[in-house]
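Coordinate-derived values only; no laboratory data. The structure presented is a predicted model; accordingly, all values stated were derived computationally and were not measured. For neighbour counting, all protein chains shown are included, and Cβ atoms are generated from backbone atoms with ideal geometry for every residue, glycine included.
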Amino acid sequence: MVVVDGREATFLKFGLMQVIIVGLLAFSLIHSQKNLTLLFVVLLTFVYGALLWSRFSLDRLEVYSTFDRDRIFPGEPVRMEIVAVNRKALPVWLRVVVPVPGSVLEDSKSVPPVREQGLLWYQSVRFSWNFLPQQRGIYRLGPPQVITGDLLGIYPREKVLNQDPLDLIVYPRLVSLRPFACIKKDLFGSPGAKSPVEDPIYLLGTREYHAGRPSRYIHWTASARLNRLQERVFEPSRQARVLFVLDVGPFAAAAAVECFERTVSGLASLAVECERQGFAVGLVTNGAITGGRSPLVAIARSARQSIRMLETLAGLEMTCRQSIGENLRQVRGLNSSVSCIFFSLHSQENPGEPMNILRQKKITATTVYCGEVHDSAKSNSSGGRFVPLDHLLPEVYPL
């Protein structure tokens, strides 16, 4: 593919000038002007040689792009590297342009990262850029635009890379929360597989089968794969289980961007803290998720549960897809043992539908609101309590 070069082009590149040179060459041949003939032959050889050179410049040219890490928190640096390898005897001119969102750059007004260099035969070159995103999100970087050609760059050509864009996941900002007692502590509340009562609904993993254990716990598929008996390990039936619910609709209706970001940060911080204490956590929201991810994270306790929730919140947009009640009905295992923390803007909205669903499940919700609480909302709180978001976040909140 021939591309338009942003630099000033040589006059020899234009077709009209080439026609003029051919005419002058014919005139010099007719009149036996050796010096002029040699000059025009050299010019035409230079022009068409560069064109032929450019056509072969794309052959056996390989370009790779990687991150040193693809999951970070706001304010953490990340390095992107692009390696270009010229696996032929023909040297080429190379330009690499990385399309990146402005919010990833240290200066949002900066131009996209660009590198330009000549590549000799069988030579490789490595380009690197440092990014410093300050806001959560899932940023799509690349694929890099690779432009190559002859050494003078007279006829640039673009190389289309068979590579998907790289996704940089920036988690929500985590802050130290003030004490918040809202988790229901049940009998057998010690989480983990050592609990005296196990629930066969919530599978935690597998392990070696121990003699004396019920045969119904044997995981036959895993046993066949590992060629030795494996048994299922379940979560305790009465461990602390917390469901976080975030209603995006009121934030989108009020265009409350700052309140929305504060709420997402507070929810993420509280979810990570609950996971550190050994609680089973889950998430339900009704906002659009970048990349088409699911807005539901099932209640579970595992090593990667907090990562799943942080990735979902990283891609959460302030765009409402459906009512929060529709997603709440899809959550499995909701019962009175679940502690629900409901996050909402809560200015004039009436969260009757989700609260009615929780009431049917005999779940008392604690509502954390960013705006002002409305009296009509209190009357539909199903016996729950209301907590301002400012009571959870520290006095100095980093925006």
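Run the quick spin-label model on residue 68 and residue 322: label points 7 Å from Cα toward the beta carbon, then report their separation in nm to one decimal.
Here the modelled spin labels are 4.3 nm apart.
Summing Lys, Arg as +1 and Asp, Glu as -1, what charge do residues with Cβ under 14 Å from the Cβ of residue 230 carry, residue 230 excluded?
Numbers: positive: 207, 213, 216, 225, 228, 232; negative: 208, 231.
Neighbourhood net charge equals +4.
How would you order 92-99, 116-123 from highest to lowest mean count of nearby Cβ atoms within 10 Å? Don't skip to the answer; put the middle values down first.
Details: 92-99: 20.4, 116-123: 13.8.
The most tightly packed comes first, giving 92-99, 116-123.
Using a Förster distance of 22 angstrom, determine the FRET efficiency expected from the C-beta separation of residue 116 and residue 76, and round it to 0.05. Don't jump to the answer; show the numbers that get you there.
Details: r = 29 Å, r/R0 = 1.31.
The computed FRET efficiency comes out at 0.15.
Could you work out how much longer the chain between residue 32 and residue 226 gets when fully extended? Use 0.36 nm per residue separation minus the Cα distance between them, nm to one decimal.
Working: separation 194, 0.36 × 194 = 69.84 nm, distance 8.68 nm.
Full extension of this stretch gives 61.2 nm more.
Is the shape of region 241-391 best called rounded, prolate or oblate, per the rule: a/c under 1.5 gives rounded, else a/b larger than b/c gives prolate, else oblate, with a ≥ b ≥ c the square roots of the Cα gyration tensor eigenvalues? Could you put the intermediate results ahead of the total?
Working: a/c = 1.42, a/b = 1.13, b/c = 1.26.
It is rounded, given that a/c, with a ≥ b ≥ c, falls under 1.5.
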